[in-house]
Amino acid sequence: MPASRFEKYQHRPRVIVTRRLPQAVETRMAELFDVTLNLTDTAFDREALAAAMADCDVLVPTVTDEIDAALIAGAGERLKLLANFGAGVDHIDLAAARARGITVSNTPGVLTDDTADMVMALILSVPRRLSEGEKLVRSGGWAGWSPTGMLGHRITGKRLGIVGMGRIGQAVAARARAFGLSIHYHNRHRLPAAAEAPLEATWWPTLDAMLERVDFVSLNCPETAETRHMIDAARLRRMPRHSYLINVARGTLVNEDALVEALKAGEIAGAGLDVFEHEPAVDPRLIELDNVVLVPHLGSATYEGRQAMGEKVIANIRVFADGHRPPDQVLADF
Ligand code: 8YV
């Protein structure tokens, strides 16, 4: 067996990175690989992606690269690994990659805490009207304290329903417990008792039933064919009128049109959104609403998190180049 999968390229796989990564990550990549960086950070268009995929052993894409079956079919013979910078891989056609013999890896685990923190930030911000209050102060229109001014709703004692109880869902639950929320979750599989017990978490096998019984819904599952638009008009109607929807996972989990209608009609009380259905476009009707807090996909946006994500990408490429299964290989039936 060759010492490296890429021996014929002098052990230095040709790697193309589609976006700017943290400086230290780029420096290390340049030491290890025959790497082409994207110093302008302009997202690749389809043509640039196709050209990159025709000319490298490893592509390092991000969530802003839509790698569909047609692009994968046109990939060069030498493309063997898509080492995604990010945990979610909904932008990659995994089945097409597998059929073409291309391995896919991602960066789970290192963005769990940052993403869970963002969920908590939104859980606190929406009912306590943080964004609205901040705008008021900045506008110069604040007339001073009043016993009945800008009242919001208490968090302690409420019920949180987590959809998707993986790493991030469980990290959200642990934080939410400290704020006095009770934990409910919907997941394909019930957690082992040892994981449920410290959270005093209640498993709901049926999403519809849980939605009717919680004050907050936090979406923490990946986007797949089954979860796309899982929150639609009918499900929004199931949620209590005083409840809030928090989404830091993927915008496509929610039918954004239906969400706008539900917010306008008062079918739910508000929403905290870090992700959008058609990023980077944000529905202008959402921007007009006071009862939503809108954040530009910042879930994992910490220096520490992005550095660790880059290190995972490097480790996945190195291990793969050495002829082994990368530690974060994504399976096509994910
Ligand atoms: C990343 C994310 O910033 O990891 C994910 O799935 O949604 C974000 O936290 C993004 O995916 C980077 O590609």
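Taken together, the values in this text are just the output of simple stated rules run on the coordinates, not laboratory data. Just so it is clear, the structure is predicted and the values come from calculations on it, not from any experiment. Neighbour counts run over all protein chains shown; Cβ positions are idealised from the backbone, glycine included.
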field: Cα-based shape type of region 6-98, given that a ≥ b ≥ c are square roots of the gyration tensor eigenvalues and the cut on a/c is 1.5
entry: oblate
- request: Enumerate the calculated ³J(HN,Hα) couplings along region 59-74 in order (Karplus 6.51 cos²θ - 1.76 cosθ + 1.60, θ = phi - 60°), each rounded to whole Hz, writing x wherever the residue is Gly or Pro.
  value: 10, 10, x, 10, 4, 7, 10, 8, 9, 8, 4, 5, 5, 5, 4, x
query: Whose amide H sits under 5 Å from the amide H of ILE155, counting only residues 5 or more places off or on another chain, with H placed in the peptide plane?
result: none
task: About the Cα centre of region 16-71, how large is the charge dipole given +1 on each Lys and Arg Cβ and -1 on each Asp and Glu Cβ? Please answer in debye to the nearest 20.
output: 180
Helix-only CD estimate at 222 nm, as mean residue ellipticity for the chain, using -39500 (n - 2.57) per DSSP H run (n ≥ 4): -10000 deg cm²/dmol
task: Give, as a single signed number, the net charge of other residues whose beta carbon lies under 11 Å from the beta carbon of PRO327, with Lys and Arg counted +1 and Asp and Glu -1.
output: +2
- request: Calculate the dipole size of the chain relative to its Cα centre from +1 charges on Lys and Arg beta carbons and -1 charges on Asp and Glu beta carbons; express the result in debye to the nearest 20.
  value: 800
- prompt: How would you rank 102-113, 227-238, 134-145, highest first, on the average number of other Cβ atoms within 10 Å across their residues?
  reply: 102-113, 227-238, 134-145
- line: Hull surface over four for the Cα convex hull of region 58-217, reported in nm², is 13.7
message: Could you give me D for the chain, from Stokes-Einstein at 4 °C and 1.567 mPa s, where the hydrodynamic radius is the Kirkwood radius over C-alpha pairs? Units µm² s⁻¹, please.
response: 61
Proximal charge balance of ARG238 [Cβ under 13 Å; K/R count +1, D/E count -1]: 0
- prompt: For the chain, what relative contact order do you get, as a whole percent, if you take Cα pairs closer than 8 Å and at least 6 residues apart?
  reply: 18
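Of LEU124, LEU37, LEU253, LEU259, how do they rank once you tally other Cβ atoms within 10 Å and put the fewest first?
LEU124, LEU37, LEU253, LEU259
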query: If you average the sequence gap of Cα pairs under 8 Å that are 6 or more apart and divide by the length of region 261-334, what percent do you get for the contact order?
result: 22
- prompt: Using the Karplus equation 6.51 cos²θ - 1.76 cosθ + 1.60 (θ = phi - 60°), what ³J(HN,Hα) coupling, rounded to whole Hz, does each residue of region 149-157 give in order, writing x for Gly and Pro?
  reply: x, 6, 5, x, 10, 6, 8, 4, x
- prompt: Taking every pair of alpha-carbon atoms in region 112-294, what share in percent sits in each 10 Å bin, from 0 to the bin with the longest distance?
  reply: 10, 39, 36, 13, 3, 0
message: Give me the three principal axis extents of region 132-199 from the C-alpha atoms, as integers in angstrom, largest value leading.
response: 52, 21, 15
- prompt: Once the mean 1/r over all distinct Cα pairs of region 213-334 is inverted, what Kirkwood radius in angstroms do you read off?
  reply: 16.2
